[in-house]
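Asker: The following block contains the structure, expressed as structure tokens.
Bear in mind these aren't lab numbers, they're just calculated from the coordinates by the rules spelled out. Computed from a predicted model, the values in this text were never measured in an experiment. With ideal geometry, Cβ positions are generated from the backbone for all residues, glycine too; neighbour counts draw on all protein chains shown.
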Amino acid sequence: MAISDLHVAYPENRQIVEKLRPESDSDWLIVAGDVGEFVADIEWALTLLKERFATVVWTPGNHELWTPKDDPVRLRGDERYRHLVELCRRIGVLTPEDPYAVWTGHGGPVTIAPLFVLYDYTFRPPDTTKEEALAWAHETGVVCTDEFLLHPDPYPSRDAWCRARLRETEARLAERDPAIPTVLVNHFPLTRQPTDILHYPQFAQWCGTVETADWHLRHNAAAVIYGHLHIPRTTWYDGVRFEEVSLGYPRERRQYNIDGMRAIRHVFPEEAPS
Ligand SMILES: [Fe+2]
Ligand SMILES: [Fe+2]
């Protein structure tokens with residue numbers, strides 16, 4: 001099963017997380033980022049889910065990588081990420097830094113590969129520079145909070161951190177057993193198409209990198225799991241199933257009349273379209 005964007009700082013979302021349960025003792029849960037912003041909140045949610053699901057696989061969203069001014073944990077950037085990886089190891093949750101686990105239940109065997117590749121502003125309009133796209137965002141007031149709270153330390157920029165993550169992640173994926181298909185899990189969509197329906201196209205530049213556009217083909221994906229856009233849906237690209245599994249914000253669910261309890265999705269067996 002899979003879910004993302006739990007955003008547990010919202011009491012309504014916390015109540016939904018408290019109700020999340022597996023359907024059998026053998027269910028695994030993929031958590032595709034944006035659990036929360038405060039380390040204590042992230043630990044609360046992942047600990048609770050690990051107590052219920054046989055295996056929990058987590059990959060960070062942008063929100064986990066913020067350094068909010070009220071969080072006693074002051075770590076920034078890569079140090080904050082490593083701190084969360086250590087937290088996950090302490091409670092038995094798998095991360096992008098651990099050996100990829102192989103699911104052998106329904107739909108398996110598949111290698112579950114949590115990826116952390118961030119974004120590099122390349123989902124911007126064609127024929128514009130990064131600077132022009134950012135200026136457009138600032139002029140129109142649609143600027144991702146990452147610009148203020150997601151520090152790339154020790155890298156000089158978020159795109160430089162993304163490039164480093166791309167190199168490391170490619171090396172890890174190259175080591176997987178090529179005979180076994182994958183489930184690729186990344187907070188940000190691996191392909192650009194899901195961002196085409198964003199209400200504010202300015203926001204796409206914080207949503208991924210063109211460098212992963214063919215990863216679902218190169219790495220033999222049986223499914224791709226992502227979140228971040230808060231537009232839960234199933235789409236197909238090149239015959240590969242992409243599942244956005246966001247819970248999102250309470251106000252979004254009210255606006256679009258979405259039942260938060262249905263945010264958790266089956267990866268296998270594949271769900272009928274809802
Ligand atoms: Fe989110
Ligand atoms: Fe996000």
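Asker: Sort 74, 265 so the one with the fewest other Cβ atoms within 10 Å of its own Cβ comes first.
Answerer: The most exposed by this proxy come first: 74, 265.
Asker: Among 195, 104, 169, whose mean-square fluctuation peaks in a Gaussian network model of the chain (Cα, cutoff 10 Å)?
Answerer: 104
Asker: What aspartates and glutamates could a cross-link reach from residue 69, if we take a straight Cα to Cα line under 12 Å and drop same-chain neighbours fewer than 8 places away?
Answerer: Counting by Cα, and skipping residues close in sequence, residue 69 has these aspartates and glutamates nearby: 37.
Asker: For 134, 247, what ranking results if the residue with the fewest other Cβ atoms within 10 Å of its Cβ goes first?
Answerer: By the 10 Å Cβ count, ascending: 134, 247.
Asker: Express in % the proportion of alpha carbon pairs of the range 54-209 at distances exceeding 20 Å. Don't jump to the answer; show the numbers that get you there.
Answerer: On the way: 6664 of 12090 pairs.
Looking at the range 54-209, the distances longer than 20 Å represent 55 percent of pairs.
Asker: Sticking with this structure for a sec: Using the scaling law 2.2 N^0.38 Å as the reference, what is the normalised Cα Rg of the range 152-196?
Answerer: In units of the 2.2 N^0.38 Å rule of thumb, it is 1.43.
Asker: Let me ask something else about it. Distance in nm between label sites at residue 153 and residue 21, each 7 Å beyond Cα in the beta-carbon direction?
Answerer: In this crude label model, residue 153 to residue 21 measures out at 4.4 nm.
Asker: Continuing with the same structure: Give me a comma-separated list of calculated 3J(HN,Hα) values for the range 163-178, in order, Karplus coefficients 6.51, -1.76, 1.60 applied at θ = phi - 60°, integers in Hz, x for any Gly or Pro.
Answerer: Per residue, the Karplus-derived 3J(HN,Hα) values read 4, 5, 5, 4, 4, 5, 5, 4, 5, 5, 5, 5, 8, 6, 6, x Hz.
Asker: Taking neighbour Cβ counts within 10 Å as the exposure measure, how do 26, 4 sort from fewest upward?
Answerer: By the 10 Å Cβ count, ascending: 26, 4.
Asker: Starting with the highest mean, order 45-52, 56-63 by the number of other Cβ atoms within 10 Å, averaged over the residues of each peptide.
Answerer: Packing order, densest peptide first, comes out as 56-63, 45-52.
Asker: Taking 0.36 nm per residue of separation and subtracting the Cα-Cα distance, what length does fully extending residue 79 through residue 102 add?
Answerer: Stretched out fully, the residue 79 to residue 102 stretch lengthens by 5.5 nm.
Asker: Hey, can you grab everything whose amide H is under 5 Å from the amide H of residue 242? Only 5+ residues off in sequence or another chain; H modelled, so Pro and N-termini drop out.
Answerer: Those qualifying (amide H under 5 Å, at least 5 residues apart or on another chain) are 224, 235, 236, 237.
Asker: Okay, next question. For the range 65-78, what does the Karplus curve 6.51 cos²θ - 1.76 cosθ + 1.60, with θ = phi - 60°, yield as ³J(HN,Hα) per residue in whole Hz, taken in order and with x for Gly and Pro?
Answerer: 8, 5, 10, x, 5, 9, 7, x, 7, 9, 4, 10, x, 4
Asker: Whole-Hz ³J(HN,Hα) for each residue in the range 16-26, computed from phi via Karplus 6.51 cos²θ - 1.76 cosθ + 1.60 with θ = phi - 60°, x for glycine and proline: what do you get?
Answerer: Result, ordered by residue: 5, 4, 4, 9, 5, 9, x, 9, 8, 5, 9 Hz.
Asker: For a quick check: with amide H placed at 1.01 Å from N, whose amide H comes under 5 Å from residue 221's, ignoring anything fewer than 5 positions away on the same chain?
Answerer: Under 5 Å from the amide H of residue 221 lie the amide H atoms of 182, each far enough along the sequence or on another chain.
Asker: Still on this model: Counting only residues 5 or more places away or on other chains, whose amide H sits under 5 Å from the amide H of residue 101 once H atoms are built in the peptide plane?
Answerer: Those lying under 5 Å, H to H, from residue 101 are 112.
Asker: How large is Rg/Rh for the chain, to two decimals, with Cα atoms and a Kirkwood Rh?
Answerer: Checking Rg against Rh, the ratio lands at 0.93.
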